[in-house]
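Novice: To start, I am sharing the structure in question, which I have written as structure tokens.
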Amino acid sequence: MTDPDVRPPGPPTAENLDYRVAHLADRLAAGHLGELGVRLVPHGDSVLLTGTVPSTQCRDEILGLAREELAGHTVHCDLLVAGTSSPDHGEDLT
């Protein structure tokens, strides 16, 4: 006799992806990256990461967490790295 609540192994489902995206969002919010405002947007069987981060190290860390949490799904990264260097010349106000 089979249990109707147990699904056979197979391709990832949209419900599973939504759960995993929510779990990743919680993980990002709870860690030291929580203030960054990274958005996770599911599109079919893939996820798009958008937002602005302060460094390439932060971007790489977020992308690594996303690939770990969303293994089996395609992860697209559109995270921008903010320029944090000081200006090299004074601003001309007229």
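Novice: Hey, with R₀ at 22 Å, roughly what FRET efficiency would residue 84 and residue 26 work out to, going by the Cβ-Cβ distance, to 0.05? Show your work: numbers first, answer last.
Specialist: Details: r = 27 Å, r/R0 = 1.24.
The formula returns an efficiency of 0.20 here.
Novice: Which GluC sites (Glu not before Pro) does the stretch 26-94 hold that lie in a coil by DSSP with at most 10 other beta carbons within 10 Å? Spell out each step's value before the answer.
Specialist: On the way: sites: 35, 61, 68, 69, 91; in loops: 91.
Answer by residue number: 91.
Novice: Okay, next question. Hey, what do the phi angles of the stretch 70-82 turn into as Karplus ³J(HN,Hα) couplings, whole Hz, using 6.51/-1.76/1.60 and θ = phi - 60°, x for Gly and Pro?
Specialist: Per-residue couplings from phi come out as 10, 3, x, 10, 7, 10, 9, 10, 10, 8, 8, 9, 6 Hz.
Novice: Which cross-chain or sequence-distant (5 or more) residues have an amide H under 5 Å from the amide H of residue 77, H modelled 1.01 Å from N in plane?
Specialist: For residue 77, the qualifying residues are 49.
Novice: Kirkwood Rh and Cα-based Rg: tell me the resulting Rg over Rh for the stretch 36-83, rounded to two decimals.
Specialist: With Rh from the inverse mean 1/r over Cα pairs, Rg/Rh is 0.96.
Novice: Expressed in nm to one decimal, what extension gain is obtained for the pair residue 77 and residue 61 from 0.36 nm per residue of sequence separation less their Cα-Cα distance?
Specialist: Contour length minus the Cα-Cα distance gives 4.6 nm.
Just so you know, all these numbers are worked out from the coordinates, no wet-lab data involved. These numbers come from a predicted model, not from an experiment. Because the Cβ atoms are built from the backbone with ideal geometry, glycine has one as well, and the counts that use them run over all protein chains shown.
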